[in-house]
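Worksheet for the structure shown next.
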Amino acid sequence: MKNKLEDLRKKILEELDKAKSGETLRELEIKYLGRKGELSNILRAIKDLSVQEKQEIGQLANTIKNDVTAKFNEIKREVEGKEIAADFVDVTIPGKKIARGHLNPISIIQAEMEDLFISLGFLVADGPELESDYYNFEALNIPKTHPARDMQDTFYIDKKNEQGEYDLLMRTHTSPVQIRAMQKYGAPLKVVVPGRCFRSEATDARHEHTLYQFEGLLIDENINFSHLKGILELVGKKLFGEQTKLRMRPKFYPFVEPGSNGEYTCSLCGGQGCRVCKYSGWLEVIGAGLVHPNVLRAGGIDPEKYSGFAFGFGLSRLAQLKYGIDDARLAMSGDLRFLQQF
Ligand code: DAH
């Protein structure tokens with residue numbers, strides 16, 4: 001019995017020394033010190049011994065129990081201390097920074113343009129990206145068989161109307177919103193329309209199938225070409241700086257008469273000529289003109305009483321020029337290495 005007790009003491013102390021976690025300690029506690037543990041079993045057996053043995057073994061058993069319990073508590077304190085240290089959180093350490101998103105360069109230009117036009121009293125309108133053939137072409141003075149339709153490669157929707165025609169498409173420009181705005185608000189009218197447009201283009205560094213435009217329309221009595229020019233000059237100065245000059249030359253667009261393009265002096269070379277402006281010194285970013293009477297009529301406005309001007313900017317192209325981006329596809333790529341530069 002005596003030997004048994006000594007062996008047990010040795011075994012317990014050894015195992016306690018090896019215990020590393022609170023969990024092993026709890027297991028050991030049950031195994032040796034618990035009510036059904038090995039030590040308790042021996043203690044229970046003492047009652048069957050002779051009086052002399054009872055005294056001797058009883059004493060030994062109690063010393064062992066006390067020793068083991070003391071050791072047990074010591075190890076327990078050690079292990080718990082380590083576990084608390086491992087769990088410790090230093091609340092004074094600065095937190096991890098969560099990366100903040102930011103605007104795409106096209107959105108930055110769009111917001112700048114909107115600010116300018118809002119300050120001039122224009123309202124900002126929106127229109128559907130899935131458009132009807134009527135608003136995208138017909139109402140803008142581009143009849144079904146007109147060759148001007150070839151200027152804009154169009155994504156048609158694969159669904160015929162009751163007449164068996166494909167009359168739904170992804171809008172190729174923001175100009176259909178001119179008609180929608182005229183029908184909704186009538187004249188006089190000052191409206192700009194930023195938005196996404198689609199062309200069935202093979203994509204390369206200069207072309208994207210999805211592009212952003214910024215349309216403008218002003219209708220009132222006695223509006224003429226100089227009003228248009230004044231506004232476009234203002235936009236150029238705002239976007240590219242005070243020294244920016246505007247050049248307008250005749251260009252055919254079915255929805256305006258006279259029609260014109262608009263070019264700014266190249267912001268990168270200051271008009272000296274460089275790769276971006278193809279050594280011409282000018283950047284073509286605008287289509288514009290005086291609204292065609294047929295377009296005013298389609299919008300429900302009397303061309304005898306009112307006249308107006310309209311213009312359309314390529315926002316994607318403006319962003320490319322302003323930030324010197326040499327590939328049109330980057331702005332839509334979602335590539336953070338590109339986007340984080342703005
Ligand atoms: N919608 C034309 C395009 O996408 C651009 C344009 C030209 C808009 C002349 C206009 C305009 O409002 O008057 O090519």
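The values are calculated or read from the model by the stated rules, or taken from the named source; none is laboratory data. Since this is a predicted model, take the numbers as computed values, not measurements. Neighbour counts run over all protein chains shown; Cβ positions are idealised from the backbone, glycine included. In case anyone asks, the SASA skips ligands and DNA or RNA and just uses the protein heavy atoms, side chains included. Shrake-Rupley method; radii C 1.70, N 1.55, O 1.52, S 1.80 Å.
Which value, in nm² and rounded to one decimal, describes the direction-averaged projected area of the C-alpha convex hull of segment 235-342?
On the way: hull surface 35.0 nm².
Quarter of the Cα hull surface area: 8.8 nm².
Can you work out the Karplus-derived ³J(HN,Hα) for every residue in segment 308-321? Use 6.51 cos²θ - 1.76 cosθ + 1.60 with θ = phi - 60°, whole Hz, and x for glycine or proline.
x, 10, 9, 8, x, 9, x, 5, 4, 6, 4, 4, 4, 6
I want to verify a result. In a Gaussian network model of the chain, Cα cutoff 10 Å, which of these has the top mean-square fluctuation: LEU123, LEU103, LEU43?
LEU43
Please work out the Cα center distance from segment 63-132 to segment 215-259, rounded to the nearest Å.
A separation of 48 Å, based on Cα centres.
State which entries of LYS20/LYS47; LYS159/LYS305; LYS144/LYS184; LYS97/LYS322 exceed 29 angstrom in Cα-Cα distance in the structure shown.
Numbers: LYS20/LYS47 36 Å; LYS159/LYS305 40 Å; LYS144/LYS184 25 Å; LYS97/LYS322 31 Å.
Over 29 Å apart, Cα to Cα: LYS20/LYS47; LYS159/LYS305; LYS97/LYS322.
Probe of 1.4 angstrom, ligands and nucleic acids ignored: what's the accessible area per residue over segment 182-308, in square angstrom?
Per-residue value: 48 Å².
Please give the length that would be gained between ASN224 and ILE30 if that part of the chain were fully extended, namely 0.36 nm times their separation in residues minus their C-alpha to C-alpha distance (nm, one decimal).
Numbers: separation 194, 0.36 × 194 = 69.84 nm, distance 9.78 nm.
Roughly 60.1 nm would be gained on extension.
Expressed as an acute angle from 0 to 90° and rounded to the nearest 10, what is the orientation of the C-alpha long axis of helix 2-18 relative to the principal long axis of the chain?
Orientation of helix 2-18: about 20 degrees from the principal axis.
Relative contact order of segment 236-342: what whole-number percent is it, with Cα pairs under 8 angstrom and at least 6 residues apart?
Averaging sequence separation for qualifying contacts and normalising by length gives 19 percent for segment 236-342.
Go ahead and set up a Gaussian network model of the chain, Cα springs under 10 Å, then flag whichever of GLU83, GLU304, GLU131 fluctuates most.
GLU83
On C-alpha positions alone, give me the angle between the axis of helix 105-119 and the longest principal axis of the chain, in degrees, nearest 10.
With rounding to tens, the tilt is 60 degrees.
Rounded to the nearest whole Å², what accessible area per residue is found for segment 1-130 with the 1.4 Å probe?
Roughly 73 Å² per residue, with all protein chains present.
Taking θ as phi - 60°, what are the ³J(HN,Hα) couplings along segment 231-240 by the Karplus curve (6.51, -1.76, 1.60), each to the nearest whole Hz, with x for Gly and Pro?
5, 5, 5, 4, 4, x, 5, 5, 7, 10
At 1.567 mPa s and 4 °C, plugging the Kirkwood radius over alpha-carbon pairs of segment 1-133 into Stokes-Einstein gives what diffusion coefficient in µm²/s?
60
Which percent of the accessible area of the chain is formed by carbon and sulfur heavy atoms (probe 1.4 angstrom)? Each step should come with its number before you reach the end.
Working: 10030 of 19730 Å².
Roughly 51 percent, rounded to a whole number.
Which angle between 0 and 90 degrees, to the nearest 10, do you get for helix 176-185 versus the longest principal axis of the chain when only C-alpha atoms count?
The helix 176-185 is inclined about 80 degrees to the chain.
What is the spin-label model distance, in nm, from ILE118 to ASP90 if the labels are put 7 Å beyond Cα along the C-beta direction?
Result: 4.6 nm between the two label points.
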